[in-house]
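The values are calculated or read from the model by the stated rules, or taken from the named source; none is laboratory data. Everything numeric in this text was worked out from a predicted model, so none of it was measured. All Cβ positions, glycine included, derive from the backbone under ideal geometry; neighbour counts span all protein chains shown.
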Amino acid sequence: MAKQNTAKEDFSLKETSPNITGRRFSTGPMTSFDLVEHMQYLYVRIVKARDLPPTADPYVELNLGNYRAVTTPFKKNPNPEWNQVFAFSKDRIQAVSMEILVKDKAVVAQGGDHGTIGMFGFAMAECPSRVPPDSPLAPQWYMLEDQNKAKIRGDLMLSYWIGTQADEAFPDAWHADVASVSGDGLSSTRSKVYLSPRLWYMRVNVIQAQDLVLKDNNRKQAPEFFVKAQFGNVVLRSGVSTDKNFNPTWNEDLMFVVAEPFDDPLVVSVQEKTNNKEESAGQIVIPLRDVDKRIDATPATPKWYNLGTVEVVEGVLKEVKFASKIQIRVSLDGGYHVLDEPAHSTSDLRPTAKLLWKPPIGILELGILNATGLSPMKPKNRVDAYCVAKYGTKWVRARTVVDCLSPKWNEQYTWEVYDPCTVITIGVFDNGNLQGGDKLGMDLSIGKVKIRLSTLETGRIYTHSYPLVVLQPTGVKKMGEIQLALRFSCPSLPNMLHTYTRPLLPKMHYILPLSIYQLASLRHQAALILWLRLSRAEPPLRREVVDYMLDSTAHLWSFRRGKANFVRIIKLFDGLVMMFKGFDKIRKWTNTITTVLVHVAFTVMLFFPGPTICLMFLLLLLKGVWNYRKRPRQIVHIDTELSQAYGVHPEDLDEEFDTFPTKKTGDVLKRRYDRLRGIAGRIQAVLGDIATQGERVQSLLSWRDPRATTLFMIFCIIGMILFYICSLKLIVWLAGVYAMRHPKCRDRFPSLLQNLIRRMPARSDSML
């Protein structure tokens, strides 16, 4: 028991008190870097030189104590231009002056004494200070000197100053901390901001085809046709037409995820099944620039396309058209939100079409401060850590701190918030690509943190140290801690409260809903497209990073998660079980006084139902007021006990970390095992959804989301007044008439209470 308590304490969330300027203010964003500790740097900008020897291959070398940095060399150029910035952490500077040398690479390569063309130096005490939003310091021309401090021919334009990480030169500067990294790996150490491409759902409605041509005219069986649609690397198939003739019909939707800009065309082909083979009966190529974009449920206009094929005629590729035709509808549906994350922890709920966007309701500010006690990920107890944060379409990547188990980032980022019921994800990774070139390694995950915005108080600065908890084949392990500062600012409380009354997803998800299987397939496509697009950036976000941030394997079967979801469901029925046990005691007259009081209460409720219901609402209101003093003050984080991370059987862990499809031997075992895992994964998701819905109802009065609890208490007050004024029979009659109203009087959107409940937080936020 003592060991278990120690583990709980080790994985707990700790509140910290960093030295940040934001604590001086109460609400709202004040400065661009008020949530992080200020780190001072010596910046040196080497701009250019002039009047150097024409035969020299000049470059600049900076020497500051043990630090040495060089610019790129120029060949036989007396007036080179570098425009390069160098940054040196002031905490690690031990020298009192900096020496800047202009050298000749050719002489240095030949083993010359010095190869120095000229030099310039300055004392650290003479460095001016600069704090944004001051304008950049203007560079100046400085005359070069020889070793005897005598002026020589040649000038060097540069500027130097003391600044912080808020300086605009900070992201692209060469940092002395990465002096051991060179070449292509240097770009992967810098902090960057990435934007996800704009994702659309593309609906391909295959209607019918006419006058198809058989490949084998002598076949005796009825023809079987189906449609195959391909976009990029994704291929989808329709079912085989029930019309066994030359004019088949399908009327089936094939859904794709596409990203702007639309580089690839849509290829639709009609396939004929012959003797366990597939033969093409013709195809069409549709550029996406010709596809209509829609924002509502109005069907796209169906179009007839001539089927054709590409054949080699006399060594030349030519497109041959048939008399066959196919009728399809193709549209880009902008009324949906393209889900790329798990539905319970999504960071964005806006539809694709910008015409449907609502104004932002607030601002989210994140300060990535530091990490402590990181587990080594490389030999020689080495870790090269960097952070990635995702919210909405904006990804941020903090710089890589090389070879440090306690890195300090102190970088701040900002996002616009459109819905408070969203989640921000922060992950920590080990950079495996510092060597550059073709020696690319994997960026191993160290851990991640998820924070739901609706559980934050507006204007309050949250500074906590979050444990980085991961599950490994050997069991649960703490990989270190990361310290974050977070602030959610909302200028208009009514606007934010109004979002709780709106449907969680865009209206198209309710008017023309997608099936569970379609959503699962589309989410997989969206994750693949995001990885392909983000890998084009420099430095790229690698696939393992994108998959880890998007929880791409959350849908796979895990015996541990299935058991955890079962325990969550059992806990939901604890209150009901206690009621049955209490009623059994009353029925058995275990306590005479209690039984008599229940009889009196039952009689009053039966003969005076109106005041009784009012009393029930009053009790709920008082319960909410009573729970206010015990409201949670810390952010919800990983709960290892809830996740059933302790005492997991090694066989269950081996199954959870097995790939999909499995690598186990035996074709029959593989086929049956993967099918079992697929079915069990869906059951696990359903169990989790049931538990989430029940926990959302329980959280109505828990003050986990203070704004939602306030709205529900207002609803209780209105219900109490309504039942006090109106007759119970009248209310029941109105409710019955409303429930049995004509379909023409209904809409397809959830009620206000349903919208409120669906936005409530659940314990799924604490699941590992």
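Just give me the residues in the stretch 395-410 being in contact with a Leu (Cβ under 9 Å, 6 or more places away or on another chain) and not β-branched (Val, Ile, Thr), in sequence order.
Step one: list which residues in the stretch 395-410 are in contact with a Leu (Cβ under 9 Å, 6 or more places away or on another chain), which gives 395-397, 400, 402, 404-410.
Scanning the stretch 395-410 gives TRP395, ARG397, CYS404, LEU405, SER406, PRO407, LYS408, TRP409, ASN410.
Looking only at the stretch 475-490, filter to residues that are more than 16 Å from SER465 (Cα to Cα) and of a type outside the set (Lys, Arg); which one of those is surrounded by the fewest Cβ atoms within 10 Å (Cβ to Cβ)?
Selected residue: GLY475.
Among the residues of the stretch 288-309, which ones are in a loop (DSSP other than H, G, I, E, B) and touching a Leu at 6+ places or on another chain (Cβ under 8 Å)?
Within the stretch 288-309, VAL291, ILE295, ALA297 meet the criteria.
Go over the candidates ARG696, ARG682 one by one and state the one that is part of a helix (DSSP H, G or I) and closer than 14 Å to LEU756 by Cα.
ARG696
Where residues in the stretch 413-462 are surrounded by fewer than 17 Cβ atoms within 10 Å (Cβ to Cβ) and among the charged types (D, E, K, R), which of them is modelled with the highest pLDDT?
Taking the candidates together, the pick is GLU416.
Looking only at the stretch 322-343, count every residue that is in a strand (DSSP E or B) and charged (D, E, K, R) and tell me the total.
Residues flagged as in a strand (DSSP E or B) and charged (D, E, K, R) within the stretch 322-343 amount to 3.
Of all residues in the stretch 65-79, which are touching a Lys or Arg at 6+ places or on another chain (Cβ under 9 Å) and farther than 20 Å from LEU186 by Cβ?
GLY65, LYS75, PRO78, ASN79
I'd like to check which strands (runs of 3 or more DSSP E) are fully inside the stretch 219-269 and have at least 3 residues that are more than 17 Å from ARG203 (Cα to Cα) and within 27 Å of the chain's Cα centre (by Cα). Before you say what the answer is, go through the steps one by one.
Details: elements: 225-231, 234-237, 249-259.
Filter on the stretch 219-269 gives an empty set.
Specify the residue that is nearest to THR709 (Cα to Cα); the eligible residues are those in the stretch 748-768 that are polar (S, T, N, Q) and buried (at least 16 other Cβ atoms within 10 Å of the Cβ).
Within the stretch 748-768, the first condition is being polar (S, T, N, Q), and the residues that meet it are 751, 754-755, 764, 766.
Filter again for buried (at least 16 other Cβ atoms within 10 Å of the Cβ), leaving 755, 764, 766.
Values: ASN755: 13, SER764: 19, SER766: 20 Å.
Among those that are polar (S, T, N, Q) and buried (at least 16 other Cβ atoms within 10 Å of the Cβ), it is ASN755.
Quick check: anything in the stretch 429-447 touching a residue at least 40 places away in the same chain (Cβ under 8 Å) and within 30 Å of ARG502 (Cβ to Cβ)?
Checking the stretch 429-447: not a single residue is touching a residue at least 40 places away in the same chain (Cβ under 8 Å) and within 30 Å of ARG502 (Cβ to Cβ).
I'd like the full set of residues that are charged (D, E, K, R), touching a residue at least 24 places away in the same chain (Cβ under 8 Å) and surrounded by fewer than 21 Cβ atoms within 10 Å (Cβ to Cβ), limited to the stretch 76-104.
GLU81, LYS90, ASP91, ARG92, GLU99 - these are the residues of the stretch 76-104 that are charged (D, E, K, R), touching a residue at least 24 places away in the same chain (Cβ under 8 Å) and surrounded by fewer than 21 Cβ atoms within 10 Å (Cβ to Cβ).
Which residue pairs have Cβ atoms closer than 6 Å, lie 6 or more positions apart in sequence or on different chains, and pair a first residue in the stretch 608-634 that is closer than 30 Å to LYS14 by Cβ with a second residue that is not aromatic (Phe, Trp, Tyr)?
That search, which allows pairs on different chains as well, returns GLY624/LEU701; GLY624/MET713; ASN627/LEU701; PRO632/ARG704; GLN634/LEU13.
May I ask you to list the residues in the stretch 471-496 that are more than 24 Å from LEU453 (Cβ to Cβ) and of a type outside the set (Lys, Arg)?
Within the stretch 471-496, LEU471, GLN472, PRO473, THR474, GLY475, VAL476, MET479, GLY480 meet the criteria.
Of all residues in the stretch 518-568, count the ones that are among the charged types (D, E, K, R) and not in a helix (DSSP H, G or I).
Of the residues in that region, 4 qualify.
Given the residues ARG536, ARG543, ARG560, which is the only one that is crowded, with 16+ Cβ neighbours inside 10 Å, closer than 30 Å to PHE429 by Cβ and free of Cβ contacts under 8 Å to residues at least 40 places away in the same chain?
Criteria check complete, one pass: ARG543.
Say we look at the stretch 592-613 and pick out the residues that are over 30 Å from LEU730 (Cα atoms) and touching a helix residue (DSSP H, G or I) at 6+ places or on another chain (Cβ under 7 Å); which of these is surrounded by the fewest Cβ atoms within 10 Å (Cβ to Cβ)?
Here the residue is THR594.
Can you pull out every residue in the stretch 491-504 that is surrounded by fewer than 19 Cβ atoms within 10 Å (Cβ to Cβ) and not in a helix (DSSP H, G or I)? Outline the logic, then answer.
Initial filter on the stretch 491-504 (surrounded by fewer than 19 Cβ atoms within 10 Å (Cβ to Cβ)): 491-495, 497-498, 501-503.
Those that are surrounded by fewer than 19 Cβ atoms within 10 Å (Cβ to Cβ) and not in a helix (DSSP H, G or I): PRO491, SER492, THR501, ARG502, PRO503.
I'd like to verify a number: residues in the stretch 87-127 that are touching a helix residue (DSSP H, G or I) at 6+ places or on another chain (Cβ under 6 Å) and assigned to a loop (DSSP other than H, G, I, E, B), how many?
Residues that pass the stated criteria total 2.
Counting just the residues of the stretch 132-170 that are surrounded by 12 or more Cβ atoms within 10 Å (Cβ to Cβ) and more than 27 Å from ASN79 (Cα to Cα), which one comes out farthest from the chain's Cα centre (by Cα)?
So, considering only residues that are surrounded by 12 or more Cβ atoms within 10 Å (Cβ to Cβ) and more than 27 Å from ASN79 (Cα to Cα), the one farthest from the chain's Cα centre (by Cα) is ILE162.
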